[in-house]
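A quick write-up on the structure given underneath.
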Amino acid sequence: MKKLIPATELCANYNIGISFIRSLQESGLIEITTVEETEYIYVNQLKDLERIVRLYFELDINLEGIETINHLMQHIDHLEEEIAKLRNRLRLYEETEQED
């Protein structure tokens, strides 16, 4: 089971309003789950939320800019995974050639 944190608790910790959290959900940047009329955020989204809060409040980047940054970061992560796989395949190929 995924761990949940009440959105109001996060709002208090980060000094942000619940409307900001809801706008992040509307933009698709985070997912809010409601249980018995209480809104929660998954613990595994905390890193993303912290990054978004910094971008929005410290660097004054609007939500559209954050969406773009988020998309680019996901693309970079995907490319890094692909590079790692290719390096592993290349390493296997090089080891096979050295054995011959």
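Read the figures in this text as sums done on the coordinates, not as results from a lab. These figures come from a predicted structure and were not determined experimentally. Here the Cβ positions follow ideal geometry from the backbone for every residue, glycine too, while neighbour counts run over all protein chains shown.
Structure notes:
- Any hit, the stretch 42-63, residues being assigned to a helix (DSSP H, G or I), on the phi < 0 side of the Ramachandran plot and of a type in the set (Ser, Thr, Tyr): yes
- Of the residues making up the stretch 1-41, those that are in a strand (DSSP E or B) and surrounded by 14 or more Cβ atoms within 10 Å (Cβ to Cβ) are 4, 5, 32, 39, 40, 41.
- In the set 54, 87, only one residue is within 16 Å of residue 21 (Cα to Cα) and either free of Cβ contacts under 8 Å to residues at least 12 places away in the same chain or small (Gly, Ala, Ser) (or both); that residue is 54.
- The residues in the stretch 71-98 that are within 20 Å of the chain's Cα centre (by Cα) and aromatic (Phe, Trp, Tyr) can be counted, and the count is 0.
- Residue check for residue 32: within 16 Å of the chain's Cα centre (by Cα) and under 24 Å from residue 2 (Cα atoms): yes
- Top-ranked residue of the stretch 59-84 - restricted to ones that are without any contact (Cβ under 8 Å) to a residue 24 or more places away in the chain and touching a helix residue (DSSP H, G or I) at 6+ places or on another chain (Cβ under 7 Å), ranked as nearest to residue 29 (Cα to Cα): 69
- Pairs, first on the phi < 0 side of the Ramachandran plot in the stretch 1-19, second among the acidic types (Asp, Glu), C-beta under 9 Å, six or more apart: 6/39; 7/39; 8/39; 14/50; 18/39
- Of all residues making up the stretch 42-68, the number that are surrounded by 15 or more Cβ atoms within 10 Å (Cβ to Cβ) and over 15 Å from residue 6 (Cβ atoms): 10
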